[in-house]
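Enquirer: Quick one: the structure is below, questions incoming.
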Amino acid sequence: MRADIRRWMPLFAVLLAMVVASACTEFGAAPVAPAPGSPTRAQLEQLLATVRVIAERPHPGGYDRGCKVGAGCVFGQPWTDDYDGPGGHDGCDTRNNVLAEQLTGVTFRPGTRHCVVTGGSLNDPYTGKPIPFRKADAGDIQIDHVYSLAAAWDMGAVHWPLERRVRFANDIEVNLLATEGSTNQSKGDSTPSEWLPPARTGHCYYAGKYLTVAVRYDLPVTAADNAALNDVARACP
């Protein structure tokens, strides 16, 4: 009897592996450890219970980020220091403030009063990769508006006064995130139903950031975004 059991054990192991693999395919991949700073499932559920939900993204028109002569400049000059909010009026532009805060091993250009970042390393929560930063290759790391400016415009910022829009565009506390340049480009003005970070470890982090911005600025999410964010929340520890 024992000999028979030993004979069948390899087959049992194969069958068990097949069952586990099938379950992962049906119910989603195995859990992964979220990026540092990610919210818990309970925290995401609290944000989801607070955020406004609308059927779909409106398109009021009139969005013009450009600030050249004749352009709309609807969110003010990019990376301006002239705004009331964290990092505003400190003598450093917003992009350099974000780099200085989110990179490690930061170096600065001499004579800029610790303003112009020339080097450092980013632990990118979107890709899960460490990315070196050099001023000579500044485009390798870009600054993402987690809740994009175009989406914010469509979802309500079109009705805000310019001062509030400028603060939103430069909010280093919740809405700006340094990330790999190509990842930022692929995200564009997408919302959570259309885009999630390429690394699964960044999903809970991104969901928390997106919802925090939405709640703080009373911006809604679409029904599709709400469903996508609930899916993310269910996989967070």
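The values are calculated or read from the model by the stated rules, or taken from the named source; none is laboratory data. Predicted model only: the values in this text are computed from it and were never measured. Methodologically, a virtual Cβ is constructed for each residue, glycine included, from the backbone with ideal geometry; neighbour enumeration extends over all protein chains shown. The area values use the complete protein model at the heavy-atom level, side chains included, leaving out ligands, DNA and RNA. Shrake-Rupley method; radii C 1.70, N 1.55, O 1.52, S 1.80 Å.
Enquirer: Do we have any residue at all in region 84-101 that's closer than 30 Å to residue 123 by Cβ, assigned to a helix (DSSP H, G or I) and either of a type in the set (Asp, Glu) or open to solvent by 50 Å² or more (accessible area, probe 1.4 Å) (or both)?
Expert: Yes: one or more hits.
Enquirer: For region 184-196, give me each residue that is open to solvent by 10 Å² or more (accessible area, probe 1.4 Å) and farther than 26 Å from residue 85 by Cα.
Expert: 185, 186, 193, 194, 195, 196
Enquirer: Restricting to region 145-182, count the residues that are in contact with a Ser or Thr (Cβ under 6 Å, 6 or more places away or on another chain) and surrounded by fewer than 21 Cβ atoms within 10 Å (Cβ to Cβ).
Expert: Number of matching residues: 2.
Enquirer: When you go through (1) modelled with pLDDT under 95; (2) closer than 25 Å to residue 180 by Cβ one by one for residue 93, which number turns out not to apply?
Expert: (1)
Enquirer: Taking the options 119, 105, 128, 139, name whichever one is within 26 Å of residue 34 (Cα to Cα), touching a helix residue (DSSP H, G or I) at 6+ places or on another chain (Cβ under 9 Å), surrounded by fewer than 17 Cβ atoms within 10 Å (Cβ to Cβ) and modelled with pLDDT of 95 or more.
Expert: Sole residue among the options that is within 26 Å of residue 34 (Cα to Cα), touching a helix residue (DSSP H, G or I) at 6+ places or on another chain (Cβ under 9 Å), surrounded by fewer than 17 Cβ atoms within 10 Å (Cβ to Cβ) and modelled with pLDDT of 95 or more: 128.
Enquirer: Which members of region 197-225 meet the condition of being open to solvent by 30 Å² or more (accessible area, probe 1.4 Å) and over 23 Å from residue 36 (Cα atoms)?
Expert: 218, 223, 224
Enquirer: Which numbered condition in (1) open to solvent by 70 Å² or more (accessible area, probe 1.4 Å); (2) under 20 Å from the mean Cα position of the chain (by Cα) is the only one that residue 63 fails?
Expert: Failing condition for residue 63: (2).
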